[in-house]
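Asks: Take a look at the following structure, please.
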Amino acid sequence: MALTQTLTPWDRLRSHWAAPTWLRTAHVVTGAPVALLALAVIGGLAAVSIIFIWTIVVPLVALPLMFWLLRHLTGLQRGRFAAFLSIEIPAIRRRQSTRNPIRFLYAEIRDPRTWRQLAYHLLAPFITGIGLFAMIVAWSGALAALTVAINYWTDRGTSEIEGWFMLTLAAALAVAGPWAARLICSVDEVAAVSLLGPSTADLLTERVESLRESRAEVIDAADAERRRMERDLHDGAQRRLVWLAMNLGMARTTLTDLPEPARQVIAQAHDEAKLALKELRDLVRGLHPAVLDEQGLDAALSGVAARSPVPVRLTVEVDRRPSPTIEAVAFFVVSEALTNVAKHAEAHEAFVTVRREGDRLIVEVLDDGRGGADPAEGSGLRGLIQRAGSVDGLITILSPEGGPTTIRADLPCG
């Protein structure tokens, strides 16, 4: 059974002037000079920029300085909230700053977060000014009323009614002071959290960015695991199968004096070993081709083109290699596209072009087949779209009836 603690009137009275009250009062009192400092800095630099706008140079110096100081003034306000109210206002994640003042000024002007912070620093003097006035009226008024009451009581010629009235007024002001401090702090907190902290859009952007980074890490880890499996199979099972196929081939060639049933068993085992070796090589190549890591896209795609049943013209123009993950996606896009060409397109020739355009890797596969390719009707094209989408890439498929079919992959590689 839960125990409830009954608060006495003295407990309630004592909590009214406990430490949080004095911290709130200190928050209001210190907020006024900080707000006036921010107002002076912002107003002064803005005024200098307007007055000397004809010089062009002065605004280009004053405005970037104002926005730079705005960040530090915002940090000072966040520290005030943390110190006196134990309210942590999250800092807004900024883009990487530049030393070019014109670019910095352009970025700050376009950023809505800058204007929200500026709005708080322009609003804060009114909030803290009203709060400071209320604190002065409450506490100094209570002290003055108490002093007057004591003077009434010590003056024999004065009625006690006035003394009790002034004492009641002092008590009322002393009680109202903490309430006023709490009200002002609540208003200031709402304004600061709304204007100095990240907005809902900022939080969603950070969340999306975090998910994108997590997805990239998962994709890189999966690609690294495929490369490890490829190395293990190549160095382990594949070598053993090669050794087994060689021995069976030697036995098949040299042991000609064995009975016919035994020779048939050896021949069958040799054929099965070669088939298993071919399937294992296809599996290893499907996991992650080693030539892709060692020699890049040009060499890896040359092998894919050479193995294709349909003649392929390959053009690779990549002066700087993208990341291993992007290379792997581009390789599998071409490989799967050529597989679809061989199975379904009835094409006589295919063309593969890989080129880099700025921070994008463009992969195009064109065939002269019958067309009509539809991602909804096959898992191969859907797999291409999903694989490109895993790295924020885009697949475009143009395949009218009668052909030709063009599959274009636009992959980020910045």
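Asks: Restricting attention to segment 81-93, which residues are crowded, with 18+ Cβ neighbours inside 10 Å and closer than 13 Å to E189 by Cα?
Replies: Once the filter is applied, which keeps residues that are crowded, with 18+ Cβ neighbours inside 10 Å and closer than 13 Å to E189 by Cα, segment 81-93 yields F81, F84, L85, I89.
Asks: Quick check: is even one residue across segment 352-360 crowded, with 22+ Cβ neighbours inside 10 Å, touching an Asp or Glu at 6+ places or on another chain (Cβ under 9 Å) and of a type outside the set (F, W, Y)?
Replies: yes
Asks: Need a quick list: strands (runs of 3 or more DSSP E) entirely within segment 318-414 having at least 3 residues that are of a type in the set (D, E, K, R).
Replies: Because the criterion is at least 3 residues that are of a type in the set (D, E, K, R), the strands (runs of 3 or more DSSP E) in segment 318-414 that meet it are 350-357, 360-367.
Asks: Another question about this same structure. Is it true that W115 is in the same structural domain as W139 (by TED's automatic domain parsing), of a type outside the set (S, T, N, Q) and modelled with pLDDT under 85?
Replies: no
Asks: I'm told S49 meets every condition in (1) within 30 Å of A174 (Cβ to Cβ); (2) more than 31 Å from the chain's Cα centre (by Cα); (3) surrounded by 15 or more Cβ atoms within 10 Å (Cβ to Cβ) except one. Can you identify the failing condition by its number?
Replies: Only one criterion in (1) within 30 Å of A174 (Cβ to Cβ); (2) more than 31 Å from the chain's Cα centre (by Cα); (3) surrounded by 15 or more Cβ atoms within 10 Å (Cβ to Cβ) is unmet by S49, namely (1).
Asks: Regarding segment 375-382, can at least one residue be identified that is basic (K, R) and touching a residue at least 24 places away in the same chain (Cβ under 8 Å)? Walk me through it before giving the result.
Replies: Within segment 375-382, the subset basic (K, R) is 382.
In the following step, the residues that additionally are touching a residue at least 24 places away in the same chain (Cβ under 8 Å) were identified as none.
Within segment 375-382, not a single residue is basic (K, R) and touching a residue at least 24 places away in the same chain (Cβ under 8 Å).
Asks: Same structure, new question: Scan segment 129-138 and tell me whether some residue there is in a loop (DSSP other than H, G, I, E, B) and not polar (S, T, N, Q).
Replies: No, that holds for no residue.
Asks: Are any residues in segment 241-273 surrounded by 16 or more Cβ atoms within 10 Å (Cβ to Cβ) and at pLDDT below 70, and if so, which ones?
Replies: Passing the criteria: L241, L244, A245, L248, A273.
Asks: Looking at L167, L204, which one is over 30 Å from L23 (Cα atoms), assigned to a helix (DSSP H, G or I) and modelled with pLDDT of 75 or more?
Replies: L204
Asks: Mind telling me which of the residues A149, A138 ends up being at pLDDT below 80, in contact with a Gly (Cβ under 6 Å, 6 or more places away or on another chain) and more than 30 Å from M66 (Cβ to Cβ)? Steps first, answer last, please.
Replies: Numbers: A138 fails: at pLDDT below 80.
Step by step, each of A149, A138 is checked, and only A149 is at pLDDT below 80, in contact with a Gly (Cβ under 6 Å, 6 or more places away or on another chain) and more than 30 Å from M66 (Cβ to Cβ).
Asks: Consider segment 358-414. How many of its residues are modelled with pLDDT of 85 or more and over 21 Å from T315 (Cα atoms)?
Replies: 0
The values are calculated or read from the model by the stated rules, or taken from the named source; none is laboratory data. Note that this is a predicted model, so its numbers are computed, not measured. Cβ: placed from backbone, ideal geometry, glycine included. Neighbour counts: every protein chain shown.
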